[in-house]
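What follows is a set of notes on a single structure, which appears directly below.
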Amino acid sequence: MACWLFKSEPDTFGIEDLAAQPRQTDHWDGVRNYQARNFMRDDMTVGDLGFFYHSNTKEPGIVGIVEIVRAAYPDHTAFDPEDPHFDPKSDPDEPRWFMVDVKLVRRLARTIPLAELKARPEISDMPLVRKGNRLSVMPVTDEQWAFVLSLE
DNA sequence: GCCAACGTTGGC
DNA sequence: GCCAACGTTGGC
């Protein structure tokens, strides 16, 4: 089983929004970065766990845990001209972008702030804490996963 | 709101 | 294939 981290802006789609969905499950659409797409399309499997991370907010940090409940399938929002993530170059017959379904497992007891993660040498290799990182979906090693949870 | 860092695009 | 220009991300 692999572990992951999903970034989202809480003003757009936060953990409370996921919690409000039926069965606390939703598709993770809108990823428009090839590296992040490849992780989802090629490497994520049902049963994998992920951190839910709030970005671009007052206190960015890890707020919860999700589970992958459906493996990658075409991201239909790329075909919708009305959608903010519309991509005219994604052809329904040969989709360019993919998404997975995630289910909320639980909120963390507290937000683990980015600043705190950055201060921990044990996880200095996490892409999340590296300068200039812009991946919205990234892998997390088992060791990093366990360490982050130990901070909760 | 600012701006550094990054990925993508397109001219050549 | 190079690289400047541009748009976006995301911390602060």
Exercise. Among the candidates A:Glu59, A:Glu82, single out the residue that is outside any strand (DSSP E or B) and more than 22 Å from A:Gly14 (Cβ to Cβ).
Key: A:Glu82
Quiz item: Restricting the first residue to the range A:118-135 and requiring it to be within 17 Å of A:Lys7 (Cα to Cα), which pairs with a second residue that is within 9 Å of DNA strand C (Cβ to nearest atom) and basic (Lys, Arg) meet a Cβ separation below 9 Å and a spacing of at least six or different chains?
Solution: A:Leu128/A:Lys7; A:Leu128/A:Lys118; A:Val129/A:Lys118; A:Leu135/A:Lys7
Quiz item: Going through the range A:5-46 one residue at a time, which ones are within 16 Å of A:Glu67 (Cα to Cα), within 15 Å of DNA strand C (Cβ to nearest atom) and not in a helix (DSSP H, G or I)?
Solution: A:Leu5, A:Phe6, A:Lys7, A:Ser8, A:Gly14, A:Trp28, A:Asp29
Quiz item: What are the residues in the range A:117-152 that are more than 14 Å from DNA strand B (Cβ to nearest atom), surrounded by 16 or more Cβ atoms within 10 Å (Cβ to Cβ) and assigned to a helix (DSSP H, G or I), if any?
Solution: A:Leu117, A:Ile123, A:Gln144, A:Trp145, A:Phe147, A:Val148
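Throughout, read-outs are computed from the coordinates displayed, never taken from laboratory work. In this text the structure is predicted, and so the values were computed from the model without any measurement. Cβ atoms come from the backbone with ideal geometry, glycine included; neighbour counts cover every protein chain shown.
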